[in-house]
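Report on the structure given below.
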Amino acid sequence: MSLRDAPRCSPEGHARRPYERPFTRRERERVTLLFGGLPRVYQALIEAAMAPLGYRTKGLPTPTKADCHRGREFCNYGMCNPAYFTIGALLNFLIDLRDREGIPTEEIVNDYAFVTAGSCGPCRFGMYESEYRLALRNAGFDGFRVLIFQQTADLDGCHDAGLEINLRFVLAFANAALLGDLLNDALYHVRPYETRPGATDHVFAEVQERVADAMRTELLPRLRCSRAGSLLDAVLPGARIDELRLLLGQVLKERYVDVLRDSARLINEEVEVDYTQPKPVCKIAGEFWAQRTDGDGNFNMFAFLESEGAEALVEPTMTWAHFLLEQGLSRLILERRLARCNGDRYSIPAAFAHWKSYMRIRFARALFRREQKRLHSALGGVELARPSQAELRRLSAPYYDSRAQGGDAYMEIGETIYYTQRRLAHMVLGLKPFGCLPSTQSDGAQAAVAADYPDIIYLPVETAVEGETNAYSRVQMVLEEAKVRCREEFEACVARTGYAIEAIRAYCRARPHLRRPLQRIPRREGVVGRAANFVLHVGEQMRRDGIPTCAGVRHPAGASSTRRAAAPSPGPQYGESAGG
């Protein structure tokens, strides 16, 4: 029975979800699950992580402009860019299978399925599922399966389902995201400063393959139904003894730690950097898909920034997981408060269920944070500390209600204030898809932020597929202001050392450990750029080695003038708190 033949309305006239053939467990060995929309490194690691679970998976190619035009051809008008790019990439992949490789349409429909996240809104993200089905039907792939897992989905599902969202699946997916974040951060950390163009990409391709091999051969205990684990339900709802073993294995195993340590040694041996090159730090913010894709969906903005002499600070994918967990906690707390205000009394079972849900989210959040810190330390510990969701909510509270959902919600506002106030970025670039409704809300709030923080350099860019040249021109104009700040900061820090920059560079050339990409560089308060922090760090080593300062160069140990120049903007000042 196809979608065209299925009844679309109930006898009462209400709309009903179209019929779709289920994906069953027996089909896992035959059906290839397609997914897309993530940067390349994540897709490679997800493919590897799903292999031990018995899934055949394949990441779609990075979406291009041709994919966007294909999506517009077969979708409704007025959708946002992520929908057009992702749907178009899926359609072009299937059309290539049919027209170039000669696979019959019926075989494609039976042997492939598409997996993606779903949502109930509030933006057009909630309409993506229906758009996928419409586009597939219009392109001649009627009956092609689209498997949706909700972002708020429970771990308990149908035992015959082909796609089981259980603890094994969640841990495998989370490991792929955590490791992908680390590799992605390290790549954008090192590549702008490499001395041999292309060396970083070559080495990171090998590192990615090493990590993927470790994930493909990961052996996890099989989940077995066991009554012996029923007592654990009070602590871990729905857990069994084998699930507890999974969690303990995740916490105690050192396999990924060992792989990352070996990778860090390889990167330090094969890549040489020059951290005396002043480059402005550009924090990437904005809508989830647009700020993370690494193709035409955001005008290849990361590569463009590096070509213009900047360093891109890209947000990790796990930030979205922390955001969803924070939203879940807020919802539970709000429900409890509303019940008390209304005078409702919780029954003991209801109160216990509420407590279990609350503790479950807190446990997941603590586990993710612990794994992030452990893996980050194994790769050299050079990643910049990220703000906690509580900190972002607090910073954005005067400008954006954290209960308003859609897009990146309050996070863009909070990140703009956090990275500027803490002197962690010279500018913030907000990447938004064309016609993103929640992004319009945050852009309106950013006007109030800019009024209170006049030193903020913030530029929103709407990534309409036809506006590439205009976007590059706007970024170049704002980036020039960030470059001026970066150069002034760098020159002031060189003056603080008491050495000429030529002497500092000669000192680094004579010491290989100062040319390693994953070395730890202490961050000074009020100093943004990596090069500025680096010359201060090297200057201290030169003084310890007894190297005399250059004649005629001031050596202002206190450097009060530089501190004043690097002071935060005169907007509303918030208290300090530990980053998450």
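The values are calculated or read from the model by the stated rules, or taken from the named source; none is laboratory data. Please read all numbers here as calculations on a predicted model, not as lab measurements. Neighbour counts are summed over all protein chains in view; Cβ atoms, including those assigned to glycine, are modelled from backbone coordinates with ideal geometry. Accessible surface areas use protein heavy atoms only, side chains included; no ligands, DNA or RNA. Shrake-Rupley method; radii C 1.70, N 1.55, O 1.52, S 1.80 Å.
The set of residues in the range 505-535 that are open to solvent by 10 Å² or more (accessible area, probe 1.4 Å), over 21 Å from Q421 (Cβ atoms) and touching a Cys at 6+ places or on another chain (Cβ under 9 Å) contains only R515. Scanning the range 225-233 for residues that are modelled with pLDDT of 85 or more and crowded, with 17+ Cβ neighbours inside 10 Å turns up nothing.
Taking the criterion of being charged (D, E, K, R), within 23 Å of R292 (Cα to Cα), out of contact with any Cys (no Cβ under 7 Å at 6 or more places or on another chain) and not in a strand (DSSP E or B), would at least one residue in the range 435-456 satisfy it? Yes, the range 435-456 has at least one match.
In the condition set (1) open to solvent by less than 20 Å² (accessible area, probe 1.4 Å); (2) over 30 Å from E194 (Cβ atoms); (3) at pLDDT below 90, F352 is compliant with all but (1). Cβ-Cβ contacts under 7 Å between residues 6 or more apart (or on different chains), taken from a first residue in the range 267-289 that is at pLDDT 95 or above and surrounded by fewer than 20 Cβ atoms within 10 Å (Cβ to Cβ) to a second residue that is among the polar types (S, T, N, Q) and not in a strand (DSSP E or B), are listed as E272/T195; D274/T195.
Residues being within 16 Å of A321 (Cα to Cα) and in a helix (DSSP H, G or I): count how many of those fall in the range 402-414. Summing the residues that are within 16 Å of A321 (Cα to Cα) and in a helix (DSSP H, G or I) in the range 402-414 gives 2.
Mind checking whether some residue in the range 243-266 is basic (K, R) and modelled with pLDDT of 90 or more? Yes, the range 243-266 contains at least one residue that is basic (K, R) and modelled with pLDDT of 90 or more.
So, A445, is that one among the hydrophobic types (A, V, I, L, M, F, W, C) and touching a helix residue (DSSP H, G or I) at 6+ places or on another chain (Cβ under 8 Å) or not? So A445 fits the description; yes.
Listed by position, the strands (runs of 3 or more DSSP E) inside the range 1-118 whose residues that are at pLDDT below 90 and either out of contact with any Lys or Arg (no Cβ under 7 Å at 6 or more places or on another chain) or crowded, with 17+ Cβ neighbours inside 10 Å (or both) number at least 3 are 112-118. Selection of the range 300-359 for residues being touching a residue at least 24 places away in the same chain (Cβ under 8 Å), within 21 Å of the chain's Cα centre (by Cα) and not in a helix (DSSP H, G or I) yields A310, E311, A312, L313, V314, E315, P316, T317. Within the range 196-224, the residues that satisfy the criterion of being in a loop (DSSP other than H, G, I, E, B) and either surrounded by 13 or more Cβ atoms within 10 Å (Cβ to Cβ) or modelled with pLDDT under 80 (or both) are E218, L219, L220, P221, R222, L223, R224. Residues of the range 360-370 that are more than 24 Å from K283 (Cα to Cα), touching a residue at least 60 places away in the same chain (Cβ under 8 Å) and open to solvent by less than 40 Å² (accessible area, probe 1.4 Å): L367 alone.
From the list C493, C486, the lone residue that is under 17 Å from C550 (Cβ atoms) and in contact (Cβ under 8 Å) with a residue 60 or more places away in the chain is C493.
Scanning the range 492-504 for residues that are farther than 23 Å from A425 by Cα, buried (at least 17 other Cβ atoms within 10 Å of the Cβ) and of a type outside the set (A, V, I, L, M, F, W, C) yields a total of 2. Of all residues in the range 264-308, those satisfying the criterion of being over 30 Å from Y499 (Cβ atoms), out of contact with any strand residue (DSSP E or B) (no Cβ under 8 Å at 6 or more places or on another chain) and of a type in the set (D, E, K, R) are R265, R292, D294, D296.
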